[in-house]
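The values are calculated or read from the model by the stated rules, or taken from the named source; none is laboratory data. Just so you know, these numbers come straight off a predicted model, no measurement behind them. Positions of Cβ are backbone-derived with ideal geometry, glycine not excepted, and every protein chain shown enters the neighbour counts. Areas reflect the complete protein model, heavy atoms only, side chains present, ligands, DNA and RNA absent. Shrake-Rupley method; radii C 1.70, N 1.55, O 1.52, S 1.80 Å.
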Amino acid sequence: MTDTSVDPPRTPRRSPAGAAEAPRPAARRGHRPGTTRPDDGNATAATRPAGTRPTTARPAEGATGAARPVPSTPSATGRPASGAAGVAGSADPTGADLHLDLPATGSRRSALMDALREAIRSGRLAPGTRLPPYRALAADLGIARNTAADAYAELVAEGWLTARQGSGTTVAERAEPVPPTRARRSSRPPRPAHDLRQGQPDAAAFPRTAWLAAGRRALTAAPNEAFGPGDPQGRRELREALADYLARARGVRTDPDRIVVCSGFAHALRLLFDGPRAVLPARTAGSLAVEGYGLAFHRGLLAAAGATTRPLPLDEHGARVGGLTEDPEIRTALLTPAHQFPTGGPLHPGRRAAVVDWARGRGGLVLEDDYDGEFRYDRQPVGALQGLDPERVVYLGTASKSLSPALRLGWMVLPDHLVDRVLAAKGEREAWASALDQLTLAEFIGSGGYDRHVRRMRRRYRDRRDRLVGALAEHAPHIEVTGIAAGLHAVLRLAPGTERSVLKAAAYRGLVLDGLADYRHPLLAAEAMPATDGLVVGYATPPDHAYPAALEALCAILPPPL
């Protein structure tokens, strides 16, 4: 162990002319009357009488006290050789990084002290922040060690810094802290007592352990180029895994070269309709047919891109696609064939064939939003519409419902003639979807973890649905519940004129859920489809321990029978 009570040899100091000065006697080196100097600069900084000027007390160098070599080419003034402003980013493995900008002219010691004072005064260096050893700081800035040490010592004496044996030099607690910034008021509403919003899976059920294991395997096997700029089409590993899974589980006809990875359904819509490189620009694509009930967010996104949407009425068999032939301006239709959102129910087989025939005859496209196709409870999931004609249907899927919206991963299965156009709209490099998440999802699918998770969640969500239906049968048997064969939500039909009052009662109880009116297209004529009062209840959102209380609150706000 090194004896820290003996001063280490010093590098000879240089005069402005560059001549080496004679070293001072070791016993008195750096000592001036009126100051105390701890051994090797590692002890607590000594107090001093007012008016005295400590100039040589050395701050602590940390527990190791390891010396760093002096830069080989400092200038005579202790500035970086280039004469530019110094920027410190400690390379010492025992010290913290510290960014400081020093002017190119003037005293190095004064400039360093001013920079440190300003960093502390502004709050950038908070009380307790550990600074790098002065040897490391001097090397990084290209200044003499003694200059950095003297600056530290002066700031210790002034009360800006503290130095303790074995603890290094830290920012001192200040009597006058930096005034706190004005707190920004959050525009987010408070968390509800009971959350029954649709569209969100049970966040507590995310397969953390299995996902972490898949990530480790994926990173271990990943080639080096996976950590470079991303391919806008998506990682090949994920596209291959998706091609196999979608063919097996959803009846999609594709190959990896027809899949483009995106960051979700909204991102896919933007690539198709928005921006200067839009695949289906509004000025040439004509009107876009959408279902009479759907997400207002998607309608708003399309409207912002300049697209005109025309609503298709709904009935118990899904969208009435016969209206597509009546409007020659419609060239594209956006549908949810497996499970109409939000009213529920699959598109009738005859209508599935009819909409594909319409697209073939008009040279149009069908955009298939398969948002929760894996979650069907009464029989096998309805296969994808895309399987009827891969050249006329764009299949859009995501991991938002099956895993988590936090992943920001989706995919487009495209007709062959659209692949290059979508990639041109995306750009030369992947700017949205993380390559590491793509690799992990590919491994998760390929290892069978995704199938196991979907089956487990299908059982859990079916149990949630059954408990909802049972609670309604017991406490509100007059309320009709629909759309329960699949998905993560159900629709509760209410008596005409009661939806608004029920939503007010829900808000009073801290229960958040949606009214059916929020999903109705504003241009949907009443004569084509009369408005219906109802609630859209998401039964997947609450964690298990909170679900019973949420059901109790829901039943309490429902209106009595007429």
ask   = For the subset of the range 88-115 comprising residues that are open to solvent by 50 Å² or more (accessible area, probe 1.4 Å) and assigned to a loop (DSSP other than H, G, I, E, B), which member is modelled with the highest pLDDT?
value = Ser107
ask   = Do you know which residues across the range 521-562 are of a type in the set (D, E, K, R) and open to solvent by 40 Å² or more (accessible area, probe 1.4 Å)?
value = Glu527, Asp544, Glu552
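Limited to the range 494-553, what total is found for residues that are acidic (Asp, Glu) and part of a loop (DSSP other than H, G, I, E, B)?
2
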query = Within the range 395-404, is even one residue in contact (Cβ under 8 Å) with a residue 60 or more places away in the chain and over 25 Å from Val366 (Cα atoms)?
reply = yes
inquiry  = The conditions are (1) at pLDDT 95 or above; (2) assigned to a helix (DSSP H, G or I); (3) over 30 Å from Tyr245 (Cβ atoms); (4) touching an Asp or Glu at 6+ places or on another chain (Cβ under 9 Å), and Met457 fails exactly one of them. Which is it?
reply    = (3)
task = Starting from the range 104-130, take each residue that is in contact (Cβ under 8 Å) with a residue 40 or more places away in the chain and within 15 Å of Gly159 (Cα to Cα) and list its partners that are acidic (Asp, Glu) and surrounded by 13 or more Cβ atoms within 10 Å (Cβ to Cβ), counting only C-beta distances under 8 angstrom and pairs at least six apart or across chains.
result = Met113/Glu154
remark   = Reported set for the range 464-486 where residues are under 36 Å from the mean Cα position of the chain (by Cα), surrounded by 14 or more Cβ atoms within 10 Å (Cβ to Cβ) and not β-branched (Val, Ile, Thr) is Arg464, Arg465, Arg467, Leu468, Gly483, Ala485, Ala486
request  = Take the range 197-247 and flag every residue that is in contact with a strand residue (DSSP E or B) (Cβ under 6 Å, 6 or more places away or on another chain) and farther than 20 Å from Ser402 by Cβ.
outcome  = Gln233
message = Given the options Leu334, Leu324, name the one that is under 20 Å from Tyr519 (Cβ atoms) and either in contact with a helix residue (DSSP H, G or I) (Cβ under 6 Å, 6 or more places away or on another chain) or at pLDDT 95 or above (or both).
response = Leu334
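Yes/no per residue for (1) over 19 Å from the mean Cα position of the chain (by Cα); (2) at positive phi; (3) open to solvent by less than 60 Å² (accessible area, probe 1.4 Å); (4) not aromatic (Phe, Trp, Tyr):
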| site | (1), (2), (3), (4) |
| --- | --- |
| Pro390 | yes, no, yes, yes |
| Leu403 | no, no, yes, yes |
| Val413 | yes, no, yes, yes |
| Trp432 | no, no, no, no |
remark   = Listed by first then second residue, the pairs whose first member lies in the range 507-536 and is touching a residue at least 60 places away in the same chain (Cβ under 8 Å), whose partner is of a type in the set (Phe, Trp, Tyr), with beta carbons under 9 Å and at least 6 positions apart or on separate chains, are Leu516/Tyr293; Tyr519/Tyr293; Tyr519/Phe341; Arg520/Tyr293; His521/Tyr293; Leu524/Tyr293; Met529/Tyr293; Val536/Tyr519
query = Given the residues Val366, Val419, Val394, Val356, which is the only one that is touching a Leu at 6+ places or on another chain (Cβ under 7 Å) and closer than 18 Å to Ala243 by Cβ?
reply = Val394
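Among the residues of the range 352-368, are any assigned to a strand (DSSP E or B), acidic (Asp, Glu) and crowded, with 21+ Cβ neighbours inside 10 Å? If you could, list the steps in order and put the result at the bottom.
Residues of the range 352-368 assigned to a strand (DSSP E or B): 365-368.
Narrowing the set further to residues that are acidic (Asp, Glu) leaves 368.
Applying the additional criterion that residues be crowded, with 21+ Cβ neighbours inside 10 Å yields 368.
There is at least one residue in the range 352-368 that is assigned to a strand (DSSP E or B), acidic (Asp, Glu) and crowded, with 21+ Cβ neighbours inside 10 Å.
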Selection count where residues are in a helix (DSSP H, G or I) and open to solvent by 20 Å² or more (accessible area, probe 1.4 Å), scope the range 129-145 = 3
